[in-house]
Structures are given as structure tokens and as C-alpha cells.
């Protein structure tokens, strides 16, 4: 069975926090090149790695990873605001 592409916001979150790929890699226990592969969506993370990334950024998994292309966070927040009324 072919695996699905996993989209992510890792680069946006990393840049927002002002950390390098190397720093993130050290925090989540992978090689810095792995972070690059993840950011370019050339590699799907294992479930364990996805959870380590979410724990590091202190965000729920659905805000970082998706099987559908992700909208900009600002657009997603606006849509949530208007859905709530």
C-alpha cells in the first residue's frame, strides 16, 4: 500500500520561534537533515516523531500535520472565529 503525503507547518513554526533546523533536530532527537526532509515534505514522520514535534511546539497534532494541504494559520483562525458565530 502506498503511503499518503503528510503536509506540515514545521518550517513556519520553527521560523516563528526563531530556531534553526539544527536546534529543532537536537530538541526532538533527529539529524538536522531529517528536519529539512520533513519541512520539504519529502519524508513522512513516524507517529512517535510527529508526537515529539507536537510536544516541542506545544500544539495539537492537527495544527501541525494534515493529509490535506494546509491553509495559512491566519486563515484557519479567521474561519474558526466565524464558525463559532
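Given the residues 82, 43, which is the only one that is in a loop (DSSP other than H, G, I, E, B) and either in contact with a strand residue (DSSP E or B) (Cβ under 8 Å, 6 or more places away or on another chain) or at pLDDT below 95 (or both)? Quick ask: steps written out before the conclusion?
Numbers: 82 fails: in a loop (DSSP other than H, G, I, E, B).
Matching residue, one of 82, 43: 43.
Name every residue in region 69-79 that is surrounded by 10 or more Cβ atoms within 10 Å (Cβ to Cβ) and part of a helix (DSSP H, G or I), in order of residue number. If the condition is that a residue be surrounded by 10 or more Cβ atoms within 10 Å (Cβ to Cβ) and part of a helix (DSSP H, G or I), then 73, 75, 76, 77, 78, 79 are the ones that fit.
Of all the numbered requirements in (1) at pLDDT 95 or above; (2) within 15 Å of the chain's Cα centre (by Cα), residue 26 misses one, and that requirement is (2).
Among the residues of region 26-40, is there at least one that is assigned to a loop (DSSP other than H, G, I, E, B), within 21 Å of residue 73 (Cα to Cα), touching a strand residue (DSSP E or B) at 6+ places or on another chain (Cβ under 9 Å) and in contact (Cβ under 8 Å) with a residue 12 or more places away in the chain?
Filtering region 26-40 down to residues assigned to a loop (DSSP other than H, G, I, E, B) leaves 29-31, 40.
Still in the running and within 21 Å of residue 73 (Cα to Cα): 40.
Next, only the ones that are touching a strand residue (DSSP E or B) at 6+ places or on another chain (Cβ under 9 Å) stay: none.
No - not one qualifying residue is present in region 26-40.
For region 46-68, how many residues meet the condition of being assigned to a loop (DSSP other than H, G, I, E, B) and closer than 21 Å to residue 3 by Cβ? Before you say what the answer is, go through the steps one by one.
Applying the first criterion (assigned to a loop (DSSP other than H, G, I, E, B)) to region 46-68 yields 46, 58-60, 67-68.
Pick out the ones that are also closer than 21 Å to residue 3 by Cβ and you get 46, 67-68.
So the answer is 3.
The values are calculated or read from the model by the stated rules, or taken from the named source; none is laboratory data. As the structure is a computational prediction, the values presented were derived from the model and not from experiment. Reconstructed Cβ throughout: ideal geometry from the backbone, glycine too, with neighbour counts over all protein chains shown.
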